[in-house]
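The values are calculated or read from the model by the stated rules, or taken from the named source; none is laboratory data. Because the structure is predicted, anything quoted here is derived from the model rather than measured. Positions of Cβ are backbone-derived with ideal geometry, glycine not excepted, and every protein chain shown enters the neighbour counts. These area figures cover heavy atoms from the full protein model, side chains too; ligands, DNA and RNA do not enter into them. Shrake-Rupley method; radii C 1.70, N 1.55, O 1.52, S 1.80 Å.
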Amino acid sequence: FYDLGGIELCLYPRSELAGDAGVPSKGSGFPGFTLSQYTSSPEQVDAIFSHLKANGANITVPPAKTDWGGYHGHFRYTDGYHWEIVYNHHAN
C-alpha cells in the first residue's frame, strides 16, 4: 500500500487480484488492475450494488464480508474495467 496524497496505490499479484475480482487472470477478460472506491459503511456498498444491479451491471462478486474485516463487491463496467466498491473499517 502506498499513500499518494488522497489516493492509495495497492499492488497485488495478478492472479490474486483476479481471484478477488471473481474473474480468470489469464486471457483478455482481465486488464490486470481494478479501480476501487471506498465508502463510509457496508450499507453504502449495498446501496451502490443495488443501483448497479437495477441498471444491468455485470457484477462479478456480490457484496460480502472480507477475510480482513472489510466489506466489498466487484463489478465490470461497460468499458471492460473492473471496479471494487469497498468499506474498509481501517480507513475510516
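The table below lists the values:
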{"item": "Cα gyration tensor category, rounded, prolate or oblate, for the chain with a/c compared to 1.5", "result": "oblate"}
{"item": "For region 1-54: rounded, prolate or oblate by the Cα gyration tensor [a/c cutoff 1.5]", "result": "oblate"}
{"item": "Low-density loop positions, trypsin sites (Lys or Arg not before Pro), the chain - DSSP coil, at most 16 other Cβ in 10 Å", "result": "LYS26"}
{"item": "Equivalent ellipsoid semi-axes - Cα gyration tensor, region 45-85, angstrom", "result": "18, 12, 6"}
{"item": "Beta bridge orientation in the chain: antiparallel %, DSSP, nearest 5", "result": "70"}
{"item": "Exposure of TYR81 as accessible area (Å², to 10), given a probe of 1.4 Å and all protein chains", "result": "90"}
{"item": "Heavy atoms of VAL23: accessible area, 1.4 Å probe, square angstrom to 10", "result": "20"}
{"item": "Value at 222 nm in deg cm²/dmol, rounded to 500, when DSSP H runs of n ≥ 4 in the chain each add -39,500 (n - 2.57)", "result": "-7000 deg cm²/dmol"}
{"item": "TYR87 - accessible surface, heavy atoms, 1.4 Å probe, Å² rounded to 10", "result": "40"}
{"item": "Net charge of neighbours whose Cβ lies under 13 Å from the Cβ of ALA21, counting Lys and Arg as +1 and Asp and Glu as -1", "result": "-1"}
{"item": "Dipole in debye (nearest 20) - the chain, about Cα centre, beta carbon charges: Lys, Arg +1; Asp, Glu -1", "result": "300"}
